[in-house]
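These notes concern the structure reproduced below.
The values are calculated or read from the model by the stated rules, or taken from the named source; none is laboratory data. As the structure is a prediction and not an experimental result, all values here were calculated from the model. Here Cβ is always computed from backbone atoms with ideal geometry, including for glycine, and neighbour counts include all displayed protein chains. Only protein heavy atoms, including side chains, enter the accessible area calculation; ligands, DNA and RNA are left aside. Shrake-Rupley method; radii C 1.70, N 1.55, O 1.52, S 1.80 Å.
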Amino acid sequence: MTQESNPAGWELSADLLARYSGPCPRYTSYPTADRFAPLGGTEPWRALQDIRSLSLYVHIPFCQSLCYFCACNKVITQQYGLASSYLERLLQEAQWYRDKVARVPVTQLHLGGGTPTFLSDGDLRRLMEGLGEVFELRPGDDVEYSIEADPRTLEVETLDTLRELGFNRLSLGIQDFNADVQRAINRVCTPEQVAQLTNAARERGFESISYDLIYGLPKQNLTTLEATLEQVLELSPDRIALYHYAHLPHRFKAQRLIDTDLVPSASEKIAMQLAAVSQLGQAGYEFLGMDHFAKPGDELAKAAHAGMLQRNFQGYTLMPADALVGLGASAISYSRDGYWQNLHRLKEYAQAIGERGHAVCRGWQLNDDDRLRQWLISELMCRLRLDKGEAARRAGAPFDVFFHEELERLQPMFEDGLLWQDAGSLGVTERGRWFVRNAAAAFDRYLHSRETEARYSRVL
Ligand code: SF4
């Protein structure tokens, strides 16, 4: 099927959602992080000397209370002292990079968690000052400095501090506005709180405000989700991430506090997704891919139209850098040579930093085949199109020959009108954009064992 001859239109259907919603990686990296292993003698951070731009990720794992749906690496505590001593270690870790990374502009900085705004304003300043000693921070309109915030605890004054420190993008974790749902997930937050913070952030010049929402939560149904989205649309965030809740209590201890009987069934979740997508579409939001929506005038939406979207560990971005340094427990870094990840647990992380200055425990040295597939998956997910000629040049063999098995795996997606191809290109149709991770998975050399598939959350 060619792009032009796609007769199936772009609409989602429950049948397609049901057939393509099995477990599948999200491809924030290739190979995926579950493949990482001890690095042996390899040191992929050596390539940090040879870069022209850098992304920084800082993981702040602390939260004041536990949200029952949470699958993040976090520590629930009321003791602020833990955060202070963690920050010491984190800045020590930053120093480890001092002679390893070229002094190049940090075009992207992201504070994630946990709850980064768990840090006091004083410690947020200390963090940025410490990072500035090692990395070339250049706040301004031409960089993306973003932070995840919990609207239940974020103070308006902290927004002033964040702007002063150069943050220009704010992501608020909303999840759902319905009071019953909020109680069932132990995360109570009113629309008024969110409205106040959204307005205050806009007044202070945050260029982009993004809301995280989740469907498939306990006690959610079509009616509650529709009402939540109505409230969200009134507040008009620039971007919306609408995630699917994967109930995996055997993997995530917090989720055992959720009554499984209250979690919507797979078919209810499908209905919710269809309704939510339609509601957001009618309100004018554009679907970027992989759970993300943006207003048409938003930079990400414009970049998507221009085929300029990029993807990193935080999702879609406009400003890809040559490398990423991730600081903090469990943080992942990458360079053109590979990936490296820090120890997960706070105590082990802190001990390792104290003993050797870094906490790297595993990673992946990329080989030529990994790089080929990494490029290919990125093209599919960000540009929705593969240039077969370029892929063949990189593979050193004709596309249809080299990727013979992959094309066989993709056959059902062609038949369902989710992909198209002609002599020079392979692309994702409008309706196939919902299932782009399934297409990417066909090219994942490491994926195809049952045991591996069971580890991923479902697409829906
Ligand atoms: S969802 Fe966010 S705020 Fe809630 S426990 Fe997890 S990391 Fe903390």
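Return the total of residues in the stretch 91-131 being more than 16 Å from the ligand (Cβ to nearest atom), open to solvent by 20 Å² or more (accessible area, probe 1.4 Å) and closer than 22 Å to Gln79 by Cα.
The total comes to 7.
Would you please name the residue that is nearest to Ala246 (Cα to Cα), looking only at residues in the stretch 19-36 that are modelled with pLDDT of 85 or more and over 17 Å from the mean Cα position of the chain (by Cα)? Give the derivation first.
Initially, the stretch 19-36 is screened for residues modelled with pLDDT of 85 or more, giving 19-20, 24-36.
Subsequent filtering for residues that are over 17 Å from the mean Cα position of the chain (by Cα) retains 19-20, 35-36.
Values: Arg19: 17, Tyr20: 15, Arg35: 21, Phe36: 23 Å.
The extreme case among them is Tyr20.
Condition check ((1) surrounded by fewer than 18 Cβ atoms within 10 Å (Cβ to Cβ); (2) touching a Ser or Thr at 6+ places or on another chain (Cβ under 6 Å); (3) assigned by TED's automatic domain parsing to the domain that holds Ala442) across all residues:
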site	(1), (2), (3)
His344	yes, yes, no
Glu348	yes, no, no
Ala392	yes, no, yes
Pro398	yes, no, yes
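Please identify the pairs in which a residue from the stretch 64-75 that is assigned to a loop (DSSP other than H, G, I, E, B) has its Cβ atom under 6 Å from the Cβ atom of a residue that is open to solvent by 50 Å² or more (accessible area, probe 1.4 Å) and within 8 Å of the ligand (Cβ to nearest atom), counting only partners at least 6 apart or on another chain.
Close Cβ pairs satisfying both conditions: Leu66/Ile76.
Just wondering, is there one or more residues in the stretch 38-59 that are among the hydroxyl-bearing types (Ser, Thr, Tyr), within 16 Å of the ligand (Cβ to nearest atom), in the same structural domain as Arg311 (by TED's automatic domain parsing) and open to solvent by 10 Å² or more (accessible area, probe 1.4 Å)?
Yes - at least one qualifying residue is present in the stretch 38-59.
Can you pull out every residue in the stretch 343-360 that is free of Cβ contacts under 8 Å to residues at least 40 places away in the same chain and either closer than 24 Å to Asn312 by Cβ or in a helix (DSSP H, G or I) (or both)?
Hits for the stretch 343-360 are Leu343, Lys347, Glu348, Gln351, Ala352, Glu355, Arg356.
Against the condition of a type in the set (Phe, Trp, Tyr), closer than 26 Å to Arg35 by Cα and crowded, with 19+ Cβ neighbours inside 10 Å, how does Trp420 come out, does it pass?
In short, no.
I want to confirm something. Restricting to the stretch 172-183 and keeping residues that are open to solvent by less than 20 Å² (accessible area, probe 1.4 Å) and within 15 Å of the ligand (Cβ to nearest atom), which single residue is farthest from Asp261 (Cα to Cα)?
Applying the filter and picking the extreme gives Leu172.
So, in the stretch 367-390, how many residues would count as being of a type outside the set (Lys, Arg) and open to solvent by less than 30 Å² (accessible area, probe 1.4 Å)?
Residues that pass the stated criteria total 9.
If I ask for residues that are among the hydroxyl-bearing types (Ser, Thr, Tyr) and not in a loop (DSSP other than H, G, I, E, B), which ones from the stretch 140-176 would you list? Lay out the reasoning, then the answer.
To start, the set of residues in the stretch 140-176 that are among the hydroxyl-bearing types (Ser, Thr, Tyr) comprises 145-146, 153, 158, 161, 171.
Scanning the stretch 140-176 gives Tyr145, Ser146, Thr158, Thr161, Ser171.
Specify which of the listed residues (Glu164, Glu144) is under 22 Å from Leu327 (Cβ atoms), open to solvent by 10 Å² or more (accessible area, probe 1.4 Å) and at pLDDT below 95.
One residue alone meets the criteria, Glu144.
Residues of the stretch 410-460 being outside any helix (DSSP H, G or I), modelled with pLDDT of 95 or more and among the polar types (S, T, N, Q), which ones?
Gln421, Ser425
With the structure loaded, tell me whether Cys63 is more than 17 Å from Arg126 (Cα to Cα), touching a Ser or Thr at 6+ places or on another chain (Cβ under 8 Å) and within 15 Å of the ligand (Cβ to nearest atom) or whether it fails that test.
So Cys63 fits the description; yes.
Please determine whether any residue of the stretch 223-237 is assigned to a strand (DSSP E or B), open to solvent by less than 20 Å² (accessible area, probe 1.4 Å) and in contact with an Asp or Glu (Cβ under 7 Å, 6 or more places away or on another chain).
Looking for residues that are assigned to a strand (DSSP E or B), open to solvent by less than 20 Å² (accessible area, probe 1.4 Å) and in contact with an Asp or Glu (Cβ under 7 Å, 6 or more places away or on another chain), one finds none in the stretch 223-237, hence no.
Quick check on the stretch 76-90: of everything there that is not in a loop (DSSP other than H, G, I, E, B) and not hydrophobic (A, V, I, L, M, F, W, C), which residue is most open to solvent (accessible area, probe 1.4 Å)?
Glu88
What about Thr158, is it surrounded by fewer than 21 Cβ atoms within 10 Å (Cβ to Cβ) and closer than 26 Å to Asn186 by Cβ?
yes
Only residues that are assigned to a helix (DSSP H, G or I) and within 23 Å of Tyr245 (Cβ to Cβ): list them for the stretch 178-221, please.
Of everything in the stretch 178-221, those that are assigned to a helix (DSSP H, G or I) and within 23 Å of Tyr245 (Cβ to Cβ) turn out to be Ala179, Asp180, Val181, Gln182, Arg183, Ala184, Pro191, Gln193, Val194.
Okay, residues lined up against (1) closer than 30 Å to Ser265 by Cα; (2) crowded, with 19+ Cβ neighbours inside 10 Å; (3) among the basic types (Lys, Arg):
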{"position": "Glu133", "(1), (2), (3)": "no, no, no"}
{"position": "Arg169", "(1), (2), (3)": "no, yes, yes"}
{"position": "Ile214", "(1), (2), (3)": "yes, yes, no"}
{"position": "Ala241", "(1), (2), (3)": "yes, yes, no"}
